[in-house]
Amino acid sequence: MPVAKPASSEARVIAHLDMDCFYVQVEQRKQPQLRGLPTAVVQYNEWKGGGLIAVSYEARKFGVKRSMRGDEAKSVCPQIQLVQVPIARGKADLSIYRDAGSEVVSILAKMGRCERASIDEVYLDLTDAAETMLAESPPESLDDEALKSHVLGLVDDGTDAKECVKIWLQRSDADHNDKLLSCGALIVAELRNNVLKETEFTCSAGIAHNKMLAKLASGLNKPAQQTIVPSASVKEFLGPWPIKKMKQLGGKLGDSLQSDLGINTVGDLLQYSEQKLQERYGFNTGAWLWNIARGVSGEEVKGRILPQSHGSGKTFPGPRALRSIDTVSHWLKKLCEELSERILADLDQNKRIAHTLTLHVRANKSSDTDSQKKFPSKSCPLRYGITKIQEDALSLFHAGLREFMGTYVARSEKNQNNEWGVTGLSVSASKIISAPQGTCSIRKFFPSQCAVSTISSEDTNNDPNLEWSAVAKFSCPLLAVCELALQSAQHLKFSRIKPIENNWNSESGAFVEMEDNTIMHDISSLDPNVDERKSQKNQDEDDHGIELAVGGEAWAAGGKG
DNA sequence: CTTGGCCCGGTTC
DNA sequence: TGAACCGGG
């Protein structure tokens, strides 16, 4: 549900940048001979030429649409160049596009608060930059790219369009807000030039006082153009706009507005009072609707340039549905391999750790009765390492399958069955938390409830491999501490766990280098008796002391603390 | 069998 | 907290 947010009192300058047919551009950069040719990117070539997921503007002129299959595109545009999405592990691999998007973001993020809205879209809050420019260096000589801006509501009286824009951008009698937008447009023009220079990608942009208007504007003039939305032109611009094309109104809420109230355009919505809308759609949604009809939106640009989750999925439509545990396991393995690769790259590049693994399954049941029953999603703590992830994902699948099929387990698990068919699988990693950088105190890794009786940092400092290290003694239930310690120490390159008590029957108190150079997950690899301890957990509620020593390399590459 | 496949974010309970 | 659902590209 949309939430009504008050527009901030001070005018903001918000830009929305949208890469032009992004996947095509990525492929054209890779194969420059494709530039200027009608081109489309397809995935899965085997069925009717694959599905189009991006279409170049040259190809659009021939009527090629994103909804088409490759064969269909060939028939309306025989010379079209079809490029396949890379395939890895038997599934489409979008990583080259994700990485290309990151290139763009890293350029844009220098200028102001930056929100990565999708693989090819970014919002920027340029308020500060625009205010600064207005105060210190008001627009004088104008970049050619800025002169090519479109200004909504600016009447082109037949004279040179660039001259009109130039006059508009430099008007001294403009109000403060319009001047801010002018500065924003100059900044965006420069940013787009930088992006083009550094990545060879073109993009289009909208510049307005809020996200909603900026987003609508960025789509008005494509490709490689930018559009400004002055406040004075909002009403005229928004009035005829189809209600279903407003962000958040593309689904059921938009349907309801259309069929229940006969609202087809934003202008139609204007006739309803805030109270009426609130009566029908609730306080928040009603207020939000009333505001957006007037081009008012307070939604802020989130400062986030990294994704909050990673997912890897594949569908198995109709006859290709998976009908045995073995095939499900096979595909889960592939998906988990990709996921593992991506979270390790995130750890390496961004020092972030994912904490939750979730499995989503789409499945059908042939034993009808309630065949619409959905396969339940399941999640669990994420342990690093592809084998662990795959094991956990398979466990989640079994748990979900039991619920899906009812308490009685299907008979044939190994081989083909006729009870169920899996038509979609996806694994995702979420709850991604930044790891602390550089040298830090061990206290940071433990919640305050967990009493730390002593902390010292001398006794492991002689290890030359470690940038930092510390020892702490805890008074907590032993297993709780162990689990906590391992969760917290996940990002450490080295760790050591040694109980104070003598009954810890293990030689493994010494430092252990993690086999995959990343993470230790499992205390049982250190102490073979841990399973016994676990079974005694309930009767063993007494506090235990434990000495935990952890150490790690500082995150900064090359290691300075 | 298809405006899908493969993603991502947010809200609600 | 997890899970269902919604909406977007």
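The values are calculated or read from the model by the stated rules, or taken from the named source; none is laboratory data. Note that this is a predicted model, so its numbers are computed, not measured. Backbone-built Cβ (ideal geometry, glycine too); neighbour counts: all protein chains shown. What goes into the accessible areas is simple: the full protein's heavy atoms, side chains included, and nothing from ligands, DNA or RNA. Shrake-Rupley method; radii C 1.70, N 1.55, O 1.52, S 1.80 Å.
For A:A88, the residues 5 or more places off, or on other chains, whose built amide H falls under 5 Å of its own are A:D93. Measure up A:K91/A:K247; A:K211/A:K302; A:K166/A:K222; A:K373/A:K431 against 22 Å on the Cα-Cα distance and list the ones that go over. Over 22 Å Cα-Cα: A:K91/A:K247; A:K373/A:K431. Straightening the chain between A:H330 and A:D99 buys 80.4 nm, computed as 0.36 nm per residue apart minus the Cα-Cα spacing.
For the residue pairs A:K351/A:K374; A:K65/A:K365; A:K252/A:K333; A:K74/A:K314; A:K162/A:K215; A:K245/A:K365, alpha carbon separations beyond 32 Å are given by A:K351/A:K374; A:K65/A:K365; A:K252/A:K333; A:K245/A:K365. Using alpha carbons only, how many angstrom separate the centre of the range A:158-211 from the centre of the range A:74-124? Using only Cα atoms, the two centres lie 25 Å from each other. Backbone phi angles across the range A:149-154, fed through the Karplus curve with coefficients 6.51, -1.76 and 1.60 (θ = phi - 60°), yield HN-Hα couplings of 4, 9, 10, 4, x, 7 Hz in residue order; Gly and Pro are listed as x. Convex hull of alpha carbon positions in the range A:178-254: directionally averaged projected area 5.7 nm².
Quick one: what do you get for the range A:96-253 if you divide its Cα Rg by 2.2 N^0.38 Å? For the range A:96-253, the normalised Cα radius of gyration is 1.04. Site pair A:W47 and A:C380 shows an inter-label distance of 3.1 nm when each label is modelled 7 Å from Cα along Cα→Cβ. Heavy-atom accessible area for A:H360, with the other protein chains in place and a 1.4 Å probe, reaches approximately 80 Å².
Across q = 0.17, 0.18 Å⁻¹, the range A:243-392 modelled as identical point scatterers on its alpha-carbon atoms has Debye log10 I(q)/I(0) values of -0.94, -0.97, in the order of the q list. Panel note: the C-alpha atoms of the range A:22-91, placed on their principal axes, show extents of 35, 26, 16 Å (largest first). In this simple spin-label approximation, A:D255 and A:I119 carry label points 7 Å from Cα along the Cα→Cβ vector, and these lie 2.7 nm apart.
For A:K378, the residues 5 or more places off, or on other chains, whose built amide H falls under 5 Å of its own are A:L359. The A:K245 and A:R280 beta-carbon pair, evaluated with R₀ = 22 Å, returns a calculated FRET efficiency of approximately 0.55.
On the beta carbon distance between A:K197 and A:H355, with R0 = 45 Å, the FRET formula returns roughly 0.70.
Residues in the range A:352-357 carry Karplus couplings, in order, of 10, 10, 8, 10, 10, 10 Hz; the curve used is 6.51 cos²θ - 1.76 cosθ + 1.60 with θ = phi - 60°, and Gly or Pro positions show x. How much FRET efficiency would the formula 1/(1 + (r/R0)^6) give for A:A88 and A:K373, where r is the Cβ-Cβ distance and R0 is 30 Å, rounded to 0.05? With R0 = 30 Å, the Cβ-Cβ based efficiency is 0.35.
Estimated at 0.36 nm per residue, the fully extended path between A:K235 and A:E419 surpasses their Cα-Cα distance by 60.5 nm.
Within the range A:224-296, all pairs of alpha-carbon atoms sorted by distance into 10 Å bins from zero give the percentages 20, 54, 21, 5, 0. Taken along its three principal axes, the alpha carbon spread of the range A:98-169 comes to 43, 28, 20 Å, from the longest extent down to the shortest.
Phi angles of the range A:166-177 translate, via the Karplus equation with coefficients 6.51, -1.76, 1.60 and θ = phi - 60°, into HN-Hα couplings of 4, 4, 5, 5, 9, 3, 8, 8, 5, 6, 4, 4 Hz per residue; Gly and Pro are given as x. Under 5 Å from the amide H of A:R362 lie the amide H atoms of A:T423, A:G424, A:L425, each residue being 5 or more positions distant or on a separate chain, with H modelled from the backbone and absent for Pro and chain starts. All alpha carbon pair distances within the range A:34-166 were sorted into 10 Å bins beginning at 0; the resulting P(r) in whole percents reads 11, 23, 27, 24, 13, 3.
Shape annotation for the range A:310-434: C-alpha extents along the principal axes are 48, 23, 21 Å, from largest to smallest.
Distance between the modelled labels on A:R35 and A:K110, one decimal in nanometres: 2.2 nm (7 Å Cα→Cβ projection).
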